[in-house]
Amino acid sequence: MTARHLSLALVLSMLPACKSQKEEPPAAPKPAPAATASATPAEKPRIGLVLGLGGRGDQSFNDSALRGLELWGAGLKYEQNAYKDASPEELQSSLGPELARHQPPITPLGITPSIVQSRVAEDYEPNLQLMVEQNVSLIVAVGFMLENAVETVAQRHPGKRFLFVDSPLINARNEPYTLPNVRSVIYRAEEGCYLAGALAGLATKGGRIGFVGGMEIPLVKQYEAGFRAGVAATNPKATVISNYTGSFTNFALGKQVGQDLLAKSTDVIFAAAGVDGLGAIQAVKEARDEGREVFVIGVDSDQFHLAPKAMLTTVLKRVDLTIYEGVRDHLQGRFQAGLHVQGLKEGGIALAPVRLDFPGKEEALRKVEALKARIIAGEIQIPKDPR
């Protein structure tokens with residue numbers, strides 16, 4: 001990580017609340033016979049998406065971005081290196097109970113997605129430039145490490161619109177600033193982490209709770225800080241043990257860290273570490289399958305399917321909704337540049353449904369809902385540093 005990225009991560013913590021590899025152009029579904037040529041997928045507006053490290057299949061941040069663009073925006077699912085039409089049932093089931101009631105309803109926008117995967121940090125700028133050269137209608141970049149590349153390419157092409165997710169633009173004085181062609185979206189993720197910590201404090205039996213982080217940077221420590229504060233709010237006697245893997249792409253290391261925390265008698269673990277987090281989830285799943293009464297909490301995308309006997313909830317960062325709404329606004333002529341902040345109040349942060357039972361669950365959920373209302377009302381100030 002460069003000094004600029006470290007500075008960026010620090011700024012984010014203080015805000016309010018390989019070679020470039022283009023994915024092979026997937027085969028678009030064959031259109032049904034139509035009366036007009038405008039029905040062909042080739043003539044639909046093309047939206048470009050540049051993924052950060054981790055990429056497709058992380059079951060978390062990047063997959064959330066892809067869901068917002070491909071499934072919700074284009075009505076497509078990506079299988080065996082090709083696009084296929086998603087059924088209305090598949091689209092509906094991906095929304096979850098809250099977004100199923102979203103107004104206006106989430107329905108396909110009639111776009112064609114164009115996806116580029118970044119393998120190393122040096123890919124970011126050329127991948128964004130590739131999207132410009134392909135003349136996509138809107139360029140989406142996901143992940144704070146793309147900040148420098150977004151800034152460079154957006155300034156080079158002021159007539160091209162960019163949607164930058166999970167970071168502001170940062171000037172030479174390490175201060176957030178805006179460009180007239182860039183919409184930046186950041187999240188008050190600590191709010192969801194606080195609620196997850198409150199739930200963990202109520203679900204634990206032994207009073208020992210674990211946190212698995214990826215890179216030990218302020219942006220991730222913000223998750224830990226919110227989680228610790230939530231645990232303290234409902235179970236001040238509980239102990240929270242933190243362990244960082246130092247990466248976001250090492251499944252085996254994440255599993256090892258998860259196993260280490262389980263060996264220290266933790267019975268609830270919050271995994272906020274990308275692909276490393278998937279490894280920690282697997283460790284808890286295996287412990288649960290062996291009969292241990294342990295829970296895990298996921299991050300970004302609803303990860304219940306990864307450990308259906310152990311997944312207590314997930315702290316949802318609505319990257320999918322951010323991208324869907326950004327594309328919709330762009331197509332409808334309502335795209336606004338500048339810095340946009342999303343939290344519980346705005347629907348950008350949420351908890352996934354609590355599907356598993358534990359003693360006192362109903363009372364615990366009432367307490368968590370009460371805390372959520374107080375956060376939205378501004379009555380609870382959540383720290384962004386765990387110290």
- Task: Taking the Cβ of each residue in Arg101, Arg56, Arg328 as the centre, tally the other Cβ atoms inside 10 Å and list the residues starting with the fewest.
- Result: Arg101, Arg56, Arg328
- Long-range amide H partners of Glu216, meaning residues 5 or more apart or on another chain whose placed amide H is closer than 5 Å, are Gly246
- Built amide H within the under 5 Å cut-off of Ala86, gap 5+: Leu76, Lys77
- Item | Partners for Lys221 among lysines (Cα-Cα distance below 16 Å; same-chain residues under 8 apart left out) | Lys317, Lys384
- Query: Considering every pair of different Cα atoms, what Kirkwood radius, in Å, is found for region 259-299?
  - Reply: 9.9
- Message: Report the per residue volume, in Å³, of the convex hull enclosing the C-alpha atoms of region 189-268.
- Response: 75
- Message: Beyond 20 Å, how much of the Cα-Cα pair distribution for region 215-347 remains, as a whole percent?
- Response: 51
- Note on the structure: In the chain, taking the dipole from +1 charges on Lys and Arg beta carbons and -1 charges on Asp and Glu beta carbons about the Cα centre, the listed residue (Val212, Gly343, Leu321) farthest towards the positive end is Gly343
- In square nanometres, what is the average projected area of the Cα convex hull of region 123-208? 8.1
- Query: Across the Cα atoms of region 283-332, what radius of gyration and what greatest pairwise Cα-Cα distance (Dmax) are found, in Å?
  - Reply: 15.9, 53
- Alpha-carbon radius of gyration plus Dmax, which is the widest Cα pair, for the chain in Å: 20.6, 69
- Task: Could you list, in their original order, any pairs among Lys264/Lys345; Lys285/Lys372; Lys77/Lys205; Lys309/Lys367; Lys285/Lys361 whose Cα atoms are separated by more than 30 Å?
- Result: Lys264/Lys345; Lys77/Lys205
- Task: Over all alpha-carbon pairs of region 40-187, lay out the pair-distance distribution in 10 Å bins, whole %, shortest bin first.
- Result: 11, 39, 35, 14, 1
- How do Ile209, Ile217, Ile382 rank when sorted from fewest to most other Cβ atoms within 10 Å of their own Cβ? Ile217, Ile382, Ile209
- Message: I'd like the per residue volume of the convex hull spanned by the Cα atoms of region 276-387, given in cubic angstrom.
- Response: 163
- Query: Out of residues 5 or more away from Ile170 or on other chains, whose amide H comes under 5 Å of its own, with H placed 1.01 Å from N in the peptide plane?
  - Reply: Tyr177
- Task: With a 10 Å radius around each residue's Cβ, average the other Cβ atoms per peptide and rank 156-165, 224-233, 185-194, highest first.
- Result: 185-194, 224-233, 156-165
- Any number yet on Rg/Rh for region 194-233, C-alpha, Kirkwood? 1.00
- Message: Give me the extension gain from Gln336 to Glu175: residue separation times 0.36 nm, minus the current Cα-Cα distance, reported in nm with one decimal.
- Response: 55.9 nm
- Query: Residue-wise, which Karplus ³J(HN,Hα) couplings in Hz belong to region 185-200, taking 6.51 cos²θ - 1.76 cosθ + 1.60, θ = phi - 60°, and x for glycine or proline?
  - Reply: 10, 10, 10, 8, 5, 4, 5, x, 5, 4, 5, 5, x, 4, 5, 4
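Computed from the coordinates by the stated procedures, all read-outs in this text should not be read as laboratory data. The shown structure was predicted, so the numbers you read here are calculated from the model rather than taken from an experiment. Neighbour counts are summed over all protein chains in view; Cβ atoms, including those assigned to glycine, are modelled from backbone coordinates with ideal geometry.
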